[in-house]
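Taking it in order: structure first as structure tokens, then the write-up.
Read-outs throughout are calculated quantities, based only on the coordinates presented, and are distinct from any laboratory measurement. What you are looking at is a predicted structure, and each value in this text was computed from that prediction instead of being measured. As a convention, Cβ positions derive from the backbone with ideal geometry for all residues, glycine included, and neighbour counts pool all protein chains shown.
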Amino acid sequence: MRYPIVIHPNEILEKKTVEVTEITDELVKMLDDMRETMIAHDGIGIAAPQIGKNLRVALVEIDEESGLFEMINPEIISGKGSDIDVEGCLSFPNIYGTVERYKEIVVRYFDREGEEYEVTATEYFARAIQHEVEHLDGKLFIDKIIDRISPEDLDNYMEEHQND
Ligand SMILES: [Zn+2]
């Protein structure tokens, strides 16, 4: 099942989410449906508030190679370096802009089996995780944009910066 995406402005996007205390069948179904929703919208990440759920759950799947990361109760426990690159967001159609993020992070989370993981992520993967985890704290990329990039200029920007 695909969820409708919550579009800004909506107060659920600006609320801190509640931690998951139990992995239920309902939660597992929600994870599957979040992925379906993300793929249907060509997203590389999605956070529970974006489907109207006030839960500390987010998915990131930047490409086939890195695969799907389902993160329950994720926390970024460290970050280093800095990197500026362009981002978009399913909740902000046609808005793109450059955002400064850590270049490398360590994120701790639980998967759907309840296993705890600590993963080091770099580059765009690290960026996507930071973007999604901030959703879970009610923080939005729009407040961090350094330069807005119009949808028409997006392809040009990507070409110019692909080796950055
Ligand atoms: Zn977003």
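Annotations
- Pairs of C-alpha atoms in the range 1-93 farther apart than 15 Å represent 63 percent of all such pairs.
- The modelled label-to-label distance for the pair residue 24/residue 118, using points 7 Å beyond Cα in the direction of Cβ, is 3.2 nm.
- Spin-label model, residue 41/residue 153: points 7 Å from Cα along the beta carbon direction are separated by 2.5 nm.
- What the phi angles of the range 81-96 give under the Karplus curve with 6.51, -1.76 and 1.60, with θ = phi - 60°, is a coupling list of x, 8, 8, 10, 8, 8, 9, x, 7, 4, 7, 10, x, 6, 10, 9 Hz, glycine and proline written as x.
- Share of pairwise Cα separations in the chain, more than 24 Å, in percent: 30 percent
- Taking amide H as placed 1.01 Å from N in the peptide plane, residue 95 has its amide H under 5 Å from the amide H of 89, each at least 5 places away in sequence or on another chain.
- Counting Cα-Cα pairs of the range 66-137 in 5 Å increments starting at 0 gives whole-percent bin shares of 3, 16, 26, 25, 18, 8, 3, 0.
- Dipole magnitude for the chain: about 660 debye, using +1 per Lys or Arg Cβ and -1 per Asp or Glu Cβ, origin at the Cα centre.
- Dimensions (Å) - the range 104-143, Cα atoms, principal axes, largest first: 34, 22, 11
- Cross-link partners for residue 80 among the aspartates and glutamates, with Cα-Cα distance under 14 Å and sequence neighbours closer than 8 places in the same chain left out: 100, 104, 123.
- Excluding same-chain neighbours fewer than eight residues apart, the lysines reachable from residue 144 by a Cα-Cα span under 16 Å are 103.
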